Amino acid sequence: MDGSHGTHVASIAAGNLGVCRNAALAGVLIGLGPEDGDRRKSFYDSTRLAHAVDYLLDLGRVMGLPVAINVSLGTNGHAHDGSAPVSRWIDSAMATPGRAVCVAAGNAGQERPEAANDFGFIMGRIHTSGRIPARDLVTDIEWMVAGNGMMDISENEMEIWYGPQDRFAVSILPPDGRWIGPVGPRQFVENRQLRDGSFLSVYNELYHPANGANHISIFLSPLLNSQGIVGVKAGKWTVRLHGQEVRDGKFDAWIERDDPVRVGVADNREAWRFPSYLSERSNVDDSSVGSLACGQRIISVANLDEARGRIHISSSQGPTRDRRSKPDVAAPGTGVVAARGFSADPEKRWLAMTGTSMASPFVTGVVGLMLAKERQLTAAQVEGIIRRTARPLPGADFRWANDAGFGQIDPEACIREAGLLFAREDRT
């Protein structure tokens, strides 16, 4: 693919003109295998990302080098509280000195158009939250399916997380349809075929094994077979939460996003796999940081638009579902020029790209220089130094901000502080 994402990212972190230019580069290509086929599991339930991190840590041990790992990927699956299996494994691995992991915060920050024909908000409206105040009351979530205007041939998923002390039921209203449900705790609807031929699945589960929270998964699925294609109906799908027992009532929900892809023609119209999104009324413009970027001991990185002196509109915001301060820091991620991968034209060696995927390897490169200065740093110490030395954006102070973290990374200050960490002054 001309303009490979992985090549661009690696170039920023440790290319010939990158941040940590004398580093040894290693990369791992990962994908989900058949063992990850359960639709109720997400990318963060897979062991493959853990195996990739493990491989890089083992490689560093064999080579006798500290390891700074960049992860420029993510989805919205799981609870956004650091409890996902991969997050917990990375956290435990980071107790050993000489290791750190940086993760892109995500590109789900935009909540409304900035100009005509600006549809970036579709990728940004992925989170909602609220509180059911009492038993027998309800709240509605408006979930918009777009596709080609009539149908979407991709599966759409919403996850709702709430406290173990509460009990919610859920009902679904398709566009121009009839209410389905309520589906109560420990109940499920699996592949129920709707009148148009598409499918609905709902799983209402208690005490998730990762964090003990309650969890509702909703899937809108197309019919794809040799007789034809019936996509998920475009329009507003209403998700109604019913308070059966309410002690706290707080909930958060995220939509698992698709990247827009044209996949051919169906019923004489272009067919699309297209991201669903929340209505402006239902969208809550915080806590959109990707699940992996919510880990306890990872460094979560936001996208700084240096030219404008602000966080890029697409950069995801914190905090985590359990109200921790992620992202940690912002780094240049807008219009970043780096190596163009797989280019057929030798004159086209460079490419400008934008996203937290570009910001995260910048911080990874800085971390590499910090570990070169002092390889006994732990991930917690690296994170502390980065937070301490970050510079506030124009007009801001040193307090954590949900889009910028603790501010813009200061590479020189990070390296200097790393070198002084174990220095002691005898004042006796």
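The values are calculated or read from the model by the stated rules, or taken from the named source; none is laboratory data. All values derive from a computational prediction rather than experimental measurement. Cβ sites come from the backbone with ideal geometry, for glycine too, and all protein chains shown count toward neighbours. Ligands, DNA and RNA are excluded from the accessible area calculation, which covers all protein heavy atoms including side chains. Shrake-Rupley method; radii C 1.70, N 1.55, O 1.52, S 1.80 Å.
Among the residues of the range 121-139, the ones that are outside any loop (DSSP other than H, G, I, E, B) and over 24 Å from the mean Cα position of the chain (by Cα) come to 2 in all. Criterion applied to 81, 58 was being charged (D, E, K, R), in a helix (DSSP H, G or I) and open to solvent by 10 Å² or more (accessible area, probe 1.4 Å), and the one residue passing it is 58. Tell me which residues, restricted to the range 61-77, are touching a helix residue (DSSP H, G or I) at 6+ places or on another chain (Cβ under 7 Å), open to solvent by 10 Å² or more (accessible area, probe 1.4 Å) and assigned to a loop (DSSP other than H, G, I, E, B). Matches in the range 61-77: 66, 72, 74, 75. The combined condition, being hydrophobic (A, V, I, L, M, F, W, C), crowded, with 19+ Cβ neighbours inside 10 Å, at pLDDT 95 or above and closer than 30 Å to residue 374 by Cβ, is not fulfilled by residue 93. Within the range 96-124, the set of residues being within 24 Å of residue 310 (Cβ to Cβ), polar (S, T, N, Q), open to solvent by 40 Å² or more (accessible area, probe 1.4 Å) and touching a residue at least 24 places away in the same chain (Cβ under 8 Å) comprises 107 only. Among the residues of the range 45-85, those identified as small (Gly, Ala, Ser) and within 30 Å of residue 159 (Cα to Cα) are 46, 50, 52, 72, 74, 77, 79, 82, 83, 84. The C-beta contact set for the range 406-428 (first residue under 13 Å from residue 363 (Cα atoms), second residue open to solvent by 40 Å² or more (accessible area, probe 1.4 Å) and in a helix (DSSP H, G or I), distance under 8 angstrom, 6+ apart or interchain) comprises 409/362; 411/369; 414/369; 415/369; 415/373.
If residue 372 passes every condition in (1) open to solvent by 10 Å² or more (accessible area, probe 1.4 Å); (2) small (Gly, Ala, Ser); (3) more than 29 Å from residue 421 (Cα to Cα) but one, which one does it miss? All conditions pass for residue 372, except number (3). Selection of the range 210-226 for residues being open to solvent by 30 Å² or more (accessible area, probe 1.4 Å) and under 21 Å from the mean Cα position of the chain (by Cα) yields only 211.
Meeting the requirement of 2 or more residues that are at pLDDT below 95, open to solvent by 20 Å² or more (accessible area, probe 1.4 Å) and out of contact with any Phe, Trp or Tyr (no Cβ under 7 Å at 6 or more places or on another chain), the strands (runs of 3 or more DSSP E) wholly within the range 281-365 are 350-353. Remark: pairs (first residue in the range 179-193, over 15 Å from residue 139 (Cα atoms); second residue assigned to a loop (DSSP other than H, G, I, E, B); Cβ separation under 6 Å; 6+ apart in sequence or on different chains) = 185/206. Checking each residue in the range 154-209 for being part of a strand (DSSP E or B) and aromatic (Phe, Trp, Tyr) picks out 161, 162, 168, 188, 199, 203.
Applying the criterion of being assigned to a loop (DSSP other than H, G, I, E, B) and under 20 Å from residue 94 (Cβ atoms) to the residues of the range 28-54, the residue that is modelled with the highest pLDDT is 28. Across the range 140-156, the qualifying residues are those that are open to solvent by less than 40 Å² (accessible area, probe 1.4 Å) and modelled with pLDDT of 95 or more, and the one among them that is nearest to residue 239 (Cα to Cα) is 141.
Here is a yes/no grid of residues against (1) open to solvent by 40 Å² or more (accessible area, probe 1.4 Å); (2) at pLDDT 95 or above; (3) assigned to a strand (DSSP E or B); (4) of a type in the set (Asp, Glu):
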| site | (1), (2), (3), (4) |
| --- | --- |
| 380 | yes, yes, no, no |
| 387 | yes, yes, no, no |
| 396 | yes, yes, no, no |
| 399 | yes, yes, no, no |
| 413 | no, yes, no, no |
| 417 | yes, yes, no, yes |
